[in-house]
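The values are calculated or read from the model by the stated rules, or taken from the named source; none is laboratory data. These numbers were taken from a predicted model, which means no experiment stands behind them. All Cβ positions, even for glycine, are placed from backbone atoms using ideal geometry, and neighbour counts span all protein chains on display. Ligands, DNA and RNA are excluded from the accessible area calculation, which covers all protein heavy atoms including side chains. Shrake-Rupley method; radii C 1.70, N 1.55, O 1.52, S 1.80 Å.
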Amino acid sequence: MIAYYFQRLIEIFPFFLKGLWMTVIVSCLGLIFGTIFGFIMGVLRSQKIRLFNWPIGIFVSVIRGTPFVVQIFIVFFIFPEWGIQLNAISAAVLALTILGTAFICEIVAGGIKAVPKGQWEASASSGLSIVKQLRLVIIPQALRTILPPLVGQYVLLIKDSSVVSVIGVVELTRVGWLTVVRIPEGLMVFSLVGILYFVISYPLIRLSNGLEKKLSVGQISL
Amino acid sequence: MLEGFNFRIIWEYMPLFLEGLRNTFLISILSIFLALIVGVIACGGRLSRWKFLRGISIIYIESIRSTPLLVQIYFFYFGLPTLGIRIPEIQTGILALMLNSGAYIAEIVRAGITSVPNGQIEAGMSSGLNYFQRMRFIILPQAIGVTVPPLLGQAIVLVKDSALLSLISVMELTRCGQVLTSERFMPTEAFFTVAFLYLCIYFCLKYLADWSQKRLIFKETY
């Protein structure tokens with residue numbers, strides 16, 4: 001029986017690859033937008049401007065303090081009541097973007113705060129405008145602390161994108177869920193799903209660890 | 001935006017929400033304790049001298065860390081019955097949460113133990129302390145201070161992760177929101193209440209984590 005199911009599973013393997021592709025697209029879009037907005041918000045947050053600091057702080061706490069499933073339900077069920085019509089995929093991308101923004105904002109703000117104050121003063125007294133200070137002096141140094149957790153955050157986003165299956169986006173987890181109805185071999189089907197996730201996230205985890213080692217060694221030698 | 005917000009319905013469903021909150025609480029507390037045990041064992045395996053134990057622990061930790069929790073939950077939910085094991089959903093959920101958090105806790109504990117400088121261990125050895133004495137008097141007192149704040153962070157993650165159990169119909173907080181949505185079609189009331197209750201838990205744990213960060217981490221005095 002198991003051999004038969006295994007045969008069936010191989011037959012519908014392309015379906016899994018489609019799911020994997022959807023996972024990659026949804027999480028890539030989420031993390032690209034999340035990185036952009038997260039950087040902007042993180043830079044604003046590190047500036048200690050009261051006008052921005054409060055709303056960003058509340059936003060970050062609310063997103064970090066609630067489960068992603070609840071956020072997805074809010075985006076998918078409640079936004080339409082406020083007149084924002086979304087199909088499942090764009091709701092998924094929006095929810096992932098919001099999640100990514102909140103977490104990346106904290107990472108970026110932390111990285112910028114870790115740059116010694118003297119760097120700010122030196123670049124200010126060299127007559128650079130604040131944008132140039134950030135672009136030429138602060139952010140290149142902050143990247144050293146930002147990059148490893150940022151890649152780690154990408155892994156978390158890819159994994160969180162599995163939750164998107166609850167609103168009917170046919171990505172990898174949803175494919176597994178749909179398959180297990182027809183091929184009642186839960187261990188086999190979800191092992192396959194797990195392996196496919198492993199294939200994307202494990203290299204990223206290794207990259208994050210590698211970056212951490214490489215960049216922190218540089219810091220000691222400073 | 002929220003002019004039609006119906007507090008009466010929330011009040012009416014309050015007993016349900018409180019029951020959900022209680023279940024979320026119980027599930028999280030039970031899982032974190034079990035995960036602590038699993039984590040310490042896995043960490044022991046990870047640091048052990050035997051290649052076999054080390055190999056198994058590494059496979060366990062890495063495979064958990066690079067697959068989404070939802071896939072793990074489905075793996076047990078659909079997989080255990082095919083092995084002939086039938087347990088209630090809530091136990092399946094706790095099993096999945098326990099194994100998931102256990103892997104992360106193993107890494108946290110390992111980071112804590114390896115954060116103790118080698119010189120300390122060598123000093124302990126040359127003072128004639130045996131392995132258990134070194135653990136008891138030198139390594140653990142220093143490691144625990146470093147470990148507790150990230151453990152509380154993991155507890156926060158676990159409370160949020162327990163929301164995913166709603167997808168295998170465990171009656172916890174998020175599930176209550178889904179019930180209210182399907183019975184009365186009031187997603188706004190339902191999910192904002194759920195989010196609010198999660199935020200309450202989050203802020204309590206966050207306060208604890210910040211406090212422990214301040215109190216427990218040894219300041220470098222030299």
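Among the residues of segment B:138-174, those that are within 13 Å of chain A (Cβ to nearest Cβ), hydroxyl-bearing (Ser, Thr, Tyr) and either free of Cβ contacts under 8 Å to residues at least 60 places away in the same chain or open to solvent by 40 Å² or more (accessible area, probe 1.4 Å) (or both) comprise B:SER166, B:SER169.
One line per residue, one yes/no per condition, for (1) in contact with a Pro (Cβ under 7 Å, 6 or more places away or on another chain); (2) within 14 Å of chain B (Cβ to nearest Cβ):
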residue: A:ALA124; (1), (2): no, no
residue: A:GLN133; (1), (2): no, no
residue: A:THR145; (1), (2): no, no
residue: A:LYS159; (1), (2): yes, yes
residue: A:VAL163; (1), (2): no, yes
residue: A:LEU172; (1), (2): no, yes
residue: A:ARG182; (1), (2): no, yes
residue: A:SER191; (1), (2): no, yes
residue: A:ARG206; (1), (2): no, yes
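Would segment A:49-63 turn up any residue that is farther than 23 Å from A:VAL169 by Cβ, open to solvent by 50 Å² or more (accessible area, probe 1.4 Å), touching a helix residue (DSSP H, G or I) at 6+ places or on another chain (Cβ under 7 Å) and among the aliphatic types (A, V, I, L, M)? Scanning segment A:49-63 turns up at least one residue that is farther than 23 Å from A:VAL169 by Cβ, open to solvent by 50 Å² or more (accessible area, probe 1.4 Å), touching a helix residue (DSSP H, G or I) at 6+ places or on another chain (Cβ under 7 Å) and among the aliphatic types (A, V, I, L, M).
Considering each residue of segment A:161-172 in turn, none proves to be assigned to a helix (DSSP H, G or I), over 20 Å from A:ALA92 (Cα atoms), in contact (Cβ under 8 Å) with a residue 24 or more places away in the chain and not basic (Lys, Arg). Counted as qualifying within segment A:25-118 are the helices (runs of 4 or more DSSP H) with 1 or more residues that are more than 26 Å from A:LEU136 (Cβ to Cβ) and of a type in the set (Gly, Ala, Ser), namely A:50-65, A:88-113.
Considering only segment B:63-95, state which residues are small (Gly, Ala, Ser) and more than 7 Å from chain A (Cβ to nearest Cβ).
B:GLY84, B:GLY93
Selection of segment A:75-96 for residues being open to solvent by less than 60 Å² (accessible area, probe 1.4 Å) and either under 21 Å from the mean Cα position of the chain (by Cα) or in contact (Cβ under 8 Å) with a residue 24 or more places away in the chain (or both) yields A:VAL75, A:PHE76, A:LEU86, A:ALA88, A:SER90, A:ALA91, A:ALA92, A:VAL93, A:LEU94, A:ALA95, A:LEU96.
Conditions tested, residue by residue: (1) among the basic types (Lys, Arg); (2) more than 15 Å from the chain's Cα centre (by Cα).
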position	(1), (2)
A:ILE25	no, no
A:PHE33	no, no
A:PHE39	no, no
A:GLN47	no, yes
A:ARG50	yes, yes
A:PRO55	no, yes
A:VAL62	no, yes
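If we scan segment A:185-195, do we find a residue that is under 30 Å from A:PHE6 (Cβ atoms), surrounded by 13 or more Cβ atoms within 10 Å (Cβ to Cβ) and at pLDDT below 85? Yes - at least one qualifying residue is present in segment A:185-195. Condition check: over 17 Å from the mean Cα position of the chain (by Cα), more than 10 Å from every other protein chain (Cβ to nearest Cβ) and in a helix (DSSP H, G or I). Does A:LEU187 satisfy that? Here the answer is no, as A:LEU187 does not meet what is asked.
Just one of the listed residues (A:THR145, A:THR101) is out of contact with any strand residue (DSSP E or B) (no Cβ under 7 Å at 6 or more places or on another chain), polar (S, T, N, Q), under 30 Å from A:VAL69 (Cα atoms) and modelled with pLDDT of 90 or more, and it is A:THR101. For segment B:191-222, the candidate set comprises residues that are closer than 22 Å to A:VAL62 by Cα and at pLDDT below 85; within that set, the residue that is farthest from the other protein chains (Cβ to nearest Cβ) is B:SER212.
Contact map, segment B:199-211: first residue more than 10 Å from B:ILE156 (Cα to Cα), second residue surrounded by 12 or more Cβ atoms within 10 Å (Cβ to Cβ), Cβ cut-off under 7 Å, separation 6 or more or different chains; pairs are B:LEU199/A:VAL62; B:LEU199/A:GLY65; B:LEU199/A:THR66; B:LEU208/B:LEU152. Checking each residue in segment A:140-161 for being under 26 Å from A:ALA122 (Cβ atoms) and either surrounded by fewer than 18 Cβ atoms within 10 Å (Cβ to Cβ) or of a type in the set (D, E, K, R) (or both) picks out A:PRO140, A:GLN141, A:LEU143, A:ARG144. Screening B:ALA103 against (1) within 13 Å of another protein chain (Cβ to nearest Cβ); (2) open to solvent by 70 Å² or more (accessible area, probe 1.4 Å) leaves a single unmet condition, (2). A:GLY38 meets the stated requirement of being modelled with pLDDT of 90 or more, in contact with a Cys (Cβ under 8 Å, 6 or more places away or on another chain), within 24 Å of A:LYS159 (Cα to Cα) and of a type in the set (Gly, Ala, Ser). Looking across segment B:12-65 at every residue that is part of a loop (DSSP other than H, G, I, E, B) and in contact with a Lys or Arg (Cβ under 8 Å, 6 or more places away or on another chain), the one that is farthest from B:PRO150 (Cα to Cα) is identified as B:SER48. What about B:LEU140, is it at pLDDT below 85 and assigned to a helix (DSSP H, G or I)? So B:LEU140 fits the description; yes. Residues that are open to solvent by less than 70 Å² (accessible area, probe 1.4 Å), modelled with pLDDT of 90 or more and in contact with a Gly (Cβ under 8 Å, 6 or more places away or on another chain) do occur in segment A:20-30.
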